[in-house]
1. Based on what the data block shows, is Arg15 charged (D, E, K, R), more than 17 Å from Phe66 (Cα to Cα) and at pLDDT below 95?
2. Scan the range 35-78 for residues that are of a type in the set (D, E, K, R) and loosely packed, with under 10 Cβ neighbours inside 10 Å and jot them down.
3. Could you check the range 61-71 and list, in sequence order, the residues that are outside any helix (DSSP H, G or I) and free of Cβ contacts under 8 Å to residues at least 12 places away in the same chain?
4. Being acidic (Asp, Glu) and modelled with pLDDT of 95 or more is the filter; apply it to the range 39-79 and report the residue that is nearest to Arg10 (Cα to Cα).
5. Which count do you get for residues in the range 58-79 that are closer than 15 Å to Ala29 by Cα and over 14 Å from the mean Cα position of the chain (by Cα)?
6. Mind counting the residues in the range 1-26 that are in contact with a helix residue (DSSP H, G or I) (Cβ under 6 Å, 6 or more places away or on another chain), over 16 Å from Gly58 (Cα atoms) and not in a helix (DSSP H, G or I)?
7. Quick one: in the range 1-19, of everything that is among the small types (Gly, Ala, Ser) and in contact (Cβ under 8 Å) with a residue 24 or more places away in the chain, which residue is surrounded by the most Cβ atoms within 10 Å (Cβ to Cβ)?
8. In the range 41-60, how many are over 24 Å from Asp72 (Cα atoms) and part of a helix (DSSP H, G or I)?
Amino acid sequence: RILSIGEQQRVAFARVLFNRPAIVFLDEATSATDEGLEHMLYGLLREQLPDAMLVSVGHRSTLDAFHTHRLDLDGKGGW
């Protein structure tokens, strides 16, 4: 309640880096950050956890650079 949403998102990234999971699910994990910070945070994950699988839900096309696959949902039950 004290931290802003952006600060909470940064703490979440720190927890991922500390715990070093094999699979990381990120749902709008950088929605409250600017694109520069988003790039830095995802870059840090890729650098520090090169073998981890990152699964992201997001609306920014800037996330594409950090993933090898993309699934687009059409809003009608298809993809």
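1. Spelling it out, it is not the case that Arg15 is charged (D, E, K, R), more than 17 Å from Phe66 (Cα to Cα) and at pLDDT below 95.
2. Glu47, Asp51, Arg70, Asp72, Asp74, Lys76, listed by residue number.
3. Hits for the range 61-71 are Thr68, His69, Arg70, Leu71.
4. Within the range 39-79, the match that is nearest to Arg10 (Cα to Cα) is Glu47.
5. Residues meeting the conditions: 0.
6. Residues meeting the conditions: 0.
7. Applying the filter and picking the extreme gives Gly6.
8. 3
The values are calculated or read from the model by the stated rules, or taken from the named source; none is laboratory data. A quick note: this is a predicted structure, and the numbers were derived from the prediction, not measured. A quick note on method: Cβ atoms are made from the backbone with ideal geometry, for glycine too, and the neighbour counts reach across all protein chains shown.
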